[in-house]
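Step one of this worksheet: look at the structure below.
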Amino acid sequence: MENCDDAPVYGLLGRTLGHSYSPKIHALLGSYEYRLFEVEPEDVEEFVLHGRYDGINVTIPYKETVMPLCDELSDAARAIGCVNTVVRRSDGTLYGDNTDYYGFSYLIDRAGVDPAGRKALVLGAGGASKTVCAVLRDRGAREVAVVSRNLPGAGFNTIADHYDADILVNTTPVGMYPNCPESIVDLEPFARTGEMRAGYRDGLSAVLDVVYNPALTGILLQAEKLGIAHANGLSMLVAQAKRASEIFRGVSIDDALMEDAIEHVAAGMRSIVLIGMPGSGKSCVGAALAERLGMPLVETDAMVVEKTGRSIPDIFAAGGEDAFRARETAALAELGKRSGAVLATGGGSICREENYPLLHQNGTIFWLQRDLALLPKDGRPISQRSDLAALYAQRAPLYARFADAVIDNNGTPEETVRKILEVLA
């Protein structure tokens, strides 16, 4: 389609796209304009037929809607029954393809998941589900079962019929930002149940989620806890974008560029979470780290003060530690959803088990250790009334369980920042 400056226009068609990473991904794959087209259902047909674009990707909820609007379909789109890539050809006709097939194929290969001879359970029955099922069947899965709230006779009340699944794939938006870290199913029964087959563990061996924001959805957090191999949908997103870009522009993109894009986007989405004893330097190191990386710094205690309009000592004086911890968890539930931020937590953030998934869903967690003799007590109610050695002995196992890495913070903030960056490299 011709534009005022003759430059081609590509983009993403969907209903709610404010948090899409697609423009960033396409910018890493080539120098071309890539827009977000947010369109209401009643306007989709008009946009697809007459909108100003040369090529579009299509996401939830329009992957099946656009299919009959295309003049020609690829074999993959026709076989799967949905379209996620539309190209307006020079004669004005529309060509529909499905690059999600390539994307999910790349995801399972990158995750080391081989469906051959195994049972897979797919959650959801939309366009993404159809693509996932097609890939799994083409890769030799012995059975592909689908459970969805919209499937007669195959609703989530039938989930127990599939506890013997080897591979589970979530294609629903449950657990997607901002409704995270919600989970669509409990994995415990899957992990306990299964048949022993040569070469496979007893029970569920892989959990995949097409959602990529947050990095760890509720279902992936539980898979990690249970020691089950897992992967999110970021590699699928980038791989399908790479294939779509090739179709849009008639070019070939090296897989190395795609891998660089995956790593770049993952690093940009990752938050850095600092935990440690009160006064261990989380705010100071966090500020230096945020400045170094060009990330925003957010602090749990500051949010609690802002939300309540009261100082931390006043909150303790009025309601005790339990009242403060409840407000702290509420702050972590909000802050933990953020991507690409430095989060400095309060010293007791590890005291509640429910805080771990809130911090871990997008974050790499660093425990800052500092000599107890160097820890200040001013303005810290628990430190003032406690023996710091006893408090440390009580909390150290909790810090250790939460932490992905332990960092000595007895030097300068700059030295500590360097140590953190070495771990992240």
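Things worth noting here:
- Residues in the range 245-273 that are among the polar types (S, T, N, Q) and in contact (Cβ under 8 Å) with a residue 24 or more places away in the chain were compared, and the one that is farthest from Leu28 (Cα to Cα) is Ser271.
- Which listed residue, of Arg118, Arg142, is open to solvent by 40 Å² or more (accessible area, probe 1.4 Å), more than 26 Å from Ala244 (Cβ to Cβ) and of a type in the set (Lys, Arg): Arg142
- Residue in the range 90-115 that is surrounded by the most Cβ atoms within 10 Å (Cβ to Cβ), counting only those that are under 18 Å from Met258 (Cβ atoms) and among the acidic types (Asp, Glu): Asp100
- Pick from the range 288-312, criterion in contact (Cβ under 8 Å) with a residue 12 or more places away in the chain, of a type in the set (A, V, I, L, M, F, W, C) and part of a helix (DSSP H, G or I), ranking: farthest from Ala393 (Cα to Cα): Leu293
- Matching entry among Arg110, Arg118 (being within 18 Å of Leu237 (Cα to Cα), modelled with pLDDT of 95 or more and charged (D, E, K, R)): Arg110
- Checking Ser183 against (1) open to solvent by less than 40 Å² (accessible area, probe 1.4 Å); (2) among the hydroxyl-bearing types (Ser, Thr, Tyr); (3) in contact (Cβ under 8 Å) with a residue 24 or more places away in the chain, the condition it does not meet: (1)
- All told, Val66 meets the bar of being touching a strand residue (DSSP E or B) at 6+ places or on another chain (Cβ under 7 Å), modelled with pLDDT of 95 or more and β-branched (Val, Ile, Thr).
- The C-beta contact set for the range 123-134 (first residue touching a residue at least 60 places away in the same chain (Cβ under 8 Å), second residue in a loop (DSSP other than H, G, I, E, B) and charged (D, E, K, R), distance under 8 angstrom, 6+ apart or interchain) comprises Gly126/Lys63; Gly126/Glu64; Gly127/Lys63; Gly127/Glu64; Ala128/Lys63.
- Screening Glu42, Glu46, Glu64, Glu72 for residues that are in contact with a helix residue (DSSP H, G or I) (Cβ under 6 Å, 6 or more places away or on another chain) and more than 26 Å from Ile262 (Cα to Cα) leaves exactly one candidate, Glu64.
- If you filter the range 267-280 down to residues that are assigned to a loop (DSSP other than H, G, I, E, B) and buried (at least 22 other Cβ atoms within 10 Å of the Cβ), you find that the one that is modelled with the lowest pLDDT is Pro278.
The values are calculated or read from the model by the stated rules, or taken from the named source; none is laboratory data. What you are looking at is a predicted structure, and each value in this text was computed from that prediction instead of being measured. Positions of Cβ are backbone-derived with ideal geometry, glycine not excepted, and every protein chain shown enters the neighbour counts. For accessibility, only protein heavy atoms count, side chains too; no ligands or nucleic acids. Shrake-Rupley method; radii C 1.70, N 1.55, O 1.52, S 1.80 Å.
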